[in-house]
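Written below as structure tokens is the structure these notes are about.
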Amino acid sequence: MTTTHSKLYAGMPHHTSLFPPCSLRLTMRLADDVSLVVVVVDTNPFFWAGAALPFADFFSHLIHFVNSLLLLNHLNHVVVITAGVSSCAYVFDSSNAGASGTADVAATLDKASRKVEEFIKQDARETVGNGTVSGGGAASLFSGALSIALCYIQRIFRSGTRHPQPRILCLQGSPDGPEQYVAVMNSIFSAQRSMVPIDSCIVGTQDSAFLQQASYITGGVYMKPQELSGLFQYLAAVFASDLHSRAFLRLPKTLGVDFRASCFCHKKTIDMGYVCSVCLSIFCKYHKKCSTCGSEFIRVMPDLNSMPDQRQ
């Protein structure tokens, strides 16, 4: 045993080690484990008024989830953004809790709860004041919330050379707003270019085509929990793991993605349509001139509505 040990280390200096220094290993591990999670929360009152899970219970699950993220690593950074019908706002930022520990985090979360209540009331006043919403099918302003989340992540990127691994988690219950299609897709491609995964958790009754595409394009996780009473268990088991650990886990996969687009003229989801060859704008009916870039179409195209359905 002694002879073998001597031969193995015969040509190595005395200070040489087979493993990197402890400080380097710690730095590498922290770089992999530290996360910046921006949570976008749907506070649409039209949805929560008839939801199976009351908003108070939903927000309680969310608070437990945020606490679990902060407990996994003391360097983790969590931001919560609310998406209402007419506005969006920051309601929680763990960096504002200070460095004194759990007491400050609990106080900050309690303050966030009050901010959410104030935001919902203010958003309701703005929605009534706008007078644009007449029914219960109003969509939340997720395009604005995603833009705010990406701007916040870019600010963290530019604040220093070392930053946590960012990702966005969308908790949506209300249906998609076809009029937000362009803005949402721009945010999705911006997240893809910045290598920011967009995770999606649907708490409503119907799937979200926008978030299906967002999770598919950016490499995030899309999930629609079966039992909302155990929402915290779903969030902790699927969305709490950092990006490095996801390579070793078997996370849920989307069975199918709805890639349908929304037309630029009537903001409706369509299966077939006309595409401008210059700016790639989509229209459900033929137009002689593109309303987006102004290009004129000389060739007359047939009406898609009068064509027989050739899909198998």
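With θ set to phi - 60°, apply the Karplus curve 6.51 cos²θ - 1.76 cosθ + 1.60 along the stretch 193-199 and write out the HN-Hα couplings as whole Hz, x wherever there is a Gly or Pro.
5, 8, 6, 10, x, 10, 8
Around residue 263, with a cut-off of 12 angstrom between Cβ atoms, what is the net charge of the other residues, counting Lys and Arg +1 and Asp and Glu -1?
Around residue 263, the charge tally is +2.
Quick check: net charge around residue 151, other residues with Cβ under 15 Å of its Cβ, Lys/Arg +1 and Asp/Glu -1?
Charge balance near residue 151 sits at +2.
What full-extension length gain, to one decimal in nm, is calculated for residue 64 and residue 257 as 0.36 nm per residue of separation minus the Cα-Cα distance?
So the chain would gain 66.5 nm between residue 64 and residue 257.
Report the extension gain between residue 151 and residue 271 in nm, rounded to one decimal, defined as 0.36 nm multiplied by the number of residues separating them, less their alpha carbon distance.
Taking 0.36 nm per residue and subtracting the Cα distance, the gain is 40.0 nm.
For 87, 159, give me the order by solvent-accessible area with a 1.4 Å probe, most accessible first, ignoring ligands, DNA and RNA.
Accessible-area ranking of 87, 159, largest first: 159, 87.
Quick check on my link table: of 267/289; 115/267; 121/285, which ones sit more than 29 Å apart, alpha carbon to alpha carbon?
115/267; 121/285, as the Cα separations exceed 29 Å there.
The values are calculated or read from the model by the stated rules, or taken from the named source; none is laboratory data. Bear in mind the structure is a predicted one, so any value in this text is a computation, not a measurement. Note: ideal-geometry Cβ built from the backbone for every residue, glycine included; neighbour counts use all protein chains shown. Note: accessible area is taken over every heavy atom of the protein model, side chains too, but ligands, DNA and RNA are not part of it. Shrake-Rupley method; radii C 1.70, N 1.55, O 1.52, S 1.80 Å.
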